[in-house]
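Below is one structure, written out as C-alpha cells; the observations come after it.
Laboratory data are not the source of any read-out in this text; all were calculated from the coordinates shown. What you see is a predicted model, and the numbers here were worked out from it, not measured in a lab. For neighbour counting, all protein chains shown are included, and Cβ atoms are generated from backbone atoms with ideal geometry for every residue, glycine included.
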C-alpha cells in the first residue's frame, strides 16, 4: 500500500509540474530540460551495459534510432487513428494522446530490445575490443539501412510525427530507467553482472551463465534506448538519420564514462552536464567540439573513474540514519 | 523502489530545475533595437553552406551600414548567428533559443531542407516569420504562412533541366547518378525524371552514390555499359567535379548535366578540363551584366576574397527582402513598427507587428535581387527564372534562361 | 567481363590503400591491444600535410617525380611525428588503465584531430594538386588503369616489403615482435618497451600518411573528416586478416577493397559503408582469429 501511495503522489506531483512548468520556463529552457531527460534515459540505459556488465557497446545510437523510427511509424499510421477514435467516444484528447504515446513508446522499446537481442546474441561471445567494433558496426548498419528505406523518409527525413511527448512522460521514463537499474544493481542478477564485469572467466568458472546475463543486460539497455528514441521522435516531431550517427553513440558513452562507469547517479549528473554545457558554451561554438574531445582525453588520463567512480549519491545519508540499512 | 528512486533523482532534478528556472526567469535584453536571427550549419558536414549563408547576410548588413548607419526606422539592426552543427535537432534547439532568448523578429535559414523542416514549425507556432534562402523541399513552406523561401522549387528546376536536355540539347536517353544521402538530390532526380519522361525522354539507368564518397568508378562503369546520351548528376559540386574526372578517365565522353548544387567557385578547380561541355541549372550566372549582381559580386570579393556561390547570393537577397519589408513597415505604420523593437518583446504590440511584417514579406513582388527578379507566390515560394550555365574551357559561361 | 576486371583493378587499388592503413592498426594492436581510433585521422593528416607541401613547393605547376617524392616523404615524416606525440601524451598515461579507458581516450584523440582539423584547415574540402600528370593505359580486354593507380600499387607494395624487412630482419623489428609477444619478458631481456612502442606508432603513422597522399593523388578531394570511414574499414581489414598479423593486414586489406568495389558495382553503392561491417560480423562469427590469424588461448 505504501508503495502505491508513493507512486500516486509522484505521478500527481509530476503532472502538476508538467502543467506549471511552462509558466516559469520559456520554451527554450523547456527544450533543454526535455533533452536532458532523454539524455539521462540514454546514459543510464547504456550504463547498464557498459558500467554494470563491463561490455563495450558503442552502437547505442542505433537502438535509439530503431526505437525512434518504430514508434514514429506506429504513431503516424495507427496511433493517430486511435486518438481520433477515442476522442469520438468522448475520451479527452490529452488522455487519448497519452495512451497512444505510451503504446508507441513501448513498441519502440520492444523493437529496439529485439534488435538488441539479435545483435547481442552473436556478438557477446566476443571480447571487449571486438565487441566494441561490432556494436559500432551494427549501429552504422542500422543507420545505413534507415537511410535507404524510402518508407521512413530515407535521407530526406521523416516529418509530421505527432508531438505528444511532454515533461511528464520524459520524467516517467527517467524514473523507470533509474528504478530498473537500481533494482538490478541491488539484486542477485546485478551481482552476476558485476561479477562478469570484474572477471568474466572467473564468473563463468563459478557457474554464472555469462552469455545469458550479458544478453539480458543488452536487451534491457536497448529497450530503454528505444524508449528514449521514441521520446526524441515525439518531441522533435521530425526524424533524420543524421541524428543517430556514431558521434551520437560517442556522446552517450562520454556521459557514462564522465559520470563513472557503474554509477547511476554519475550517469544522471553527467548527462545533465553534457546537455546543458554545450548550450552554455554557445559563444565558443567553433571551439566546442575541440574542447569536448580534449575534455574526454584529459578525463581519461587524470580520472578514469569519472565523476562518481562507481559510487552513488545516497541521499539518505544527508538526512541522517533514519532507517537502518542491512549491513 | 519508488521512494529510493525518487530520493536518488530528487537532488539532481531539483538542482537542474532551480538552475533553469533562475536563468529562465532572467530578463531579456530590453534595448531599442531590431534583432534578426540566423541559423546555419557552421560546423559539421555541411559547414560550407552555413558559412556561405552567413557571408551573404553579412554583405547585406554591411550595405545597410553604409546606407543608413545600420539602422532601419531609427533602430539599429543586429543579427545573431547560431550554429546547428548540420544536425536537425540542433537546428530546432537554436531556433527555439533565437526566438525565446534573443527575441528575434525574423529567422533567416536554413539551406538544407531537413534543418529548415526542423526549425519551421517552431517559427510558425511562435508567429515569427522565417525566410529560407535556399531550401528546396516543397514541404518547408507548407508548414505555415509564416514560412517563406527565396529560391525556386526543385520541381521547377527539374523541369528546366529536362527541357534543356530534351529540347535544347535534343538528347533522349539519359542516365542519372544521384546522391542518395541528400534529399535535395533525390528530389531533383525525381522531378527531372517526371518532366523528362513527359517530354518523351527515357532514363535508361539510375545509379546512386553518397555525399562524401570519393570513388564513383563502380557506378560510372555500370553507366558506361548502358551508353546514355548524357549523364544527369543532380548532386553537389564536391562530388560532381570528381565524377566528371573519373568519367573521363573511364572513357565516358557524354555531357554531364547538373543542378544548382554544382554552383561553387571550386567546381572547376576540382573538375578541371573534365567539365568542359557540361551544363548545370542555377539561380544566376556570374558573368551576367545585371548591375545588382555585379555590385554584390564586387562587395563579396572585396570582403571575402573569393566568389560567392548561389547560397550566399540567395542569403543576401533574403536579408535584403527582410530589411526592405521592415523599412516599409517603418514608413507605412510607424506605431506598429515600434512593436518590433526588442524593448517590446513578448508584448501584444510585438505580435501585431510580426503579423504586419509577415504580410509585407509575402507581398514581395518583382524585387530586383542579385539572384534575379523575385516575386513570392501565394505559397510563399519565389517565382523566378533559372539560367543554364555551360562550362567552356574551364570557365562558367551563361547559356540560356528559362522562365517559370 | 570487362566490367568485372575493371572493378577488380579498382578493388585491388583500394585494397592496397586499406592494407597500408591496416598495417598501422595491426602493429599497434599487436603490441598494446589498443584499437587506435585516431589512426584514420593520421591518414587524413597525411593527405593534408602532402597538400600543404605540394602547394609550398609548387609541385602542381611543374609535375615531376622528384617533387612528388618530396611530398610523400614530408607527409610521412610529419605524421610519424604526430604519431609519436599522440602516443606520448595521450596513450602512455592510460597504458595502465582499463581497456575501455584506453579505447575512450583513442576516440577522444580521434575527435580532437577531426575537429582540430576543421578549426585549422576549415571544413570545406580542398583539392589536392595534380603532382603527377594523369595518364591512362589500356590493358587487355578494354580495362583501363591509370598511372596513378599503378603508382599506388607500386608504392604500397614497396612500403609493405620495407616494413616486412624492418620487422623480420632488423634488431628493432625483432624487438617489436618480442614486445608484441610478451612485453614483460621482452623488458627482462633488456628491450626498452617504451621506445619500441613509440617506434611502432611512428611506423604505423608513416604508413597511414603514405596512404593518405596516395589516395589524394587519385581522389583529390580532401577534408578533415575524410579519415573516419577509411580508418574503420582498415581496422575491419586488419581484423579480417588476423589482428596482430602483418601479412594478414595485407590480405585483409585486399579482401576488403575488392569486396567493397564489387558490392558497389553489382549490388548497390548505398551499402558501401555497410559492407565493411557485414564482413566484420561474418568473420568474427565464423573465424574470429581472422584469415591468417592463429587463435591464442586466453590465459587466466
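Which value results when the Cα radius of gyration for chain B is divided by 2.2 N^0.38 Å?
Numbers: Rg = 23.1 Å, N = 404, 2.2 N^0.38 = 21.5 Å.
Ratio of Cα Rg to 2.2 N^0.38 Å: 1.08.
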Scattering curve values for the range C:74-158, log₁₀ I(q)/I(0), Debye with Cα scatterers, q = 0.13, 0.19, 0.21, 0.22 Å⁻¹: -0.72, -0.99, -1.07, -1.10
Cβ neighbours within 10 Å from other chains - mean over A:234-242: 6
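Would you please give the FRET efficiency between residue B:170 and residue C:139, computed as 1/(1 + (r/R0)^6) with r the Cβ-Cβ distance and R0 = 30 Å, to the nearest 0.05? Present the calculation step by step, with values, prior to reporting the outcome.
Details: r = 36 Å, r/R0 = 1.22.
The calculated FRET efficiency here is 0.25.
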At R0 = 60 Å, FRET efficiency that the Cβ-Cβ distance of residue B:348 and residue A:118 yields, to 0.05: 0.60
For q = 0.10, 0.17, 0.19 Å⁻¹, Debye-computed log10 I/I(0) when each Cα of the range C:15-228 counts as one equal scatterer: -0.46, -1.14, -1.33
Centre separation in Å (Cα based) which lies between the range A:89-125 and the range C:231-273: 36 Å
Relative exposure of B:262, A:169, A:164, A:82, judged by other C-beta atoms within 10 Å (fewest first): A:82, A:169, A:164, B:262
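Find the Rg to Rh ratio for the range B:154-282, where Rh is the Kirkwood radius over alpha-carbon pairs and Rg uses the same atoms. Display every interim value, and only then the final one.
Working: Rg = 12.9 Å, Rh = 14.0 Å.
Ratio value, two decimals: 0.92.
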Kirkwood-Stokes translational diffusion coefficient of the protein assembly as shown, alpha-carbon pairs, 37 °C, 0.692 mPa s, µm²/s: 109 µm²/s
Principal-axis tilt of helix B:154-163 within chain B, Cα atoms, nearest 10 degrees: 20 degrees
Distance in nm between pseudo-label sites at residue C:62 and residue C:282 (7 Å out along the Cβ direction from Cα): 5.1 nm
Part-to-part distance (alpha-carbon centres) for the range B:127-172 and the range A:1-75, which is given in Å: 39 Å
Degrees separating the helix C:39-56 axis from the principal Cα axis of chain C, which is the longest one: 50 degrees
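Would you mind computing the Rg to Rh ratio of the range C:1-110 from its alpha-carbon coordinates, Kirkwood style for Rh? List each step's numbers first, then the result.
Values: Rg = 17.5 Å, Rh = 16.0 Å.
My calculation of the ratio gives 1.09.
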Shape box of the range B:225-362 [Cα atoms, principal axes, largest first, Å]: 67, 34, 23
A:2, B:303, B:172, B:54 arranged by Cβ crowding within 10 Å, fewest neighbours leading: A:2, B:303, B:172, B:54
Where labels lie 7 Å past Cα in the beta-carbon direction, separation of residue C:8 and residue C:174 in nm: 4.1 nm
Whole-number D in µm²/s for chain A (Stokes-Einstein; Kirkwood sum over Cα pairs; 20 °C, 1.002 mPa s): 104 µm²/s
Estimated FRET transfer efficiency when R0 is 56 angstrom, pair residue A:295-residue B:288 (beta carbons, to 0.05): 0.65
Bridge type composition, the protein assembly as shown - antiparallel percent by DSSP, nearest 5: 45 percent
Packing-based exposure ordering (other Cβ within 10 Å, fewest first) of C:271, B:184, C:266, A:28: C:266, C:271, A:28, B:184
Relative contact order (percent, whole number), chain B, Cα cutoff 8 Å, 6+ residue spacing: 17 percent
Centroid-to-centroid separation of the range B:367-404 and the range A:137-158 [C-alpha atoms, Å]: 34 Å
Estimated inter-spin distance, residue B:304 and residue B:332, nm [label 7 Å along Cα→Cβ]: 3.2 nm
C-alpha long axis of helix B:183-198 to longest principal axis of chain B, angle in °: 50 degrees
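Just subtract the alpha-carbon distance of residue A:212 and residue A:89 from 0.36 nm times their residue separation and send over the number in nm, one decimal.
39.7 nm
For the protein assembly as shown, what does -39500 (n - 2.57) per DSSP helix run (n ≥ 4), summed and divided by total residues, give at 222 nm, in deg cm²/dmol to the nearest 500?
Numbers: 39 runs with 633 residues, N = 1031.
Dividing the helical sum by the residues of the protein assembly as shown leaves -20500 deg cm²/dmol.
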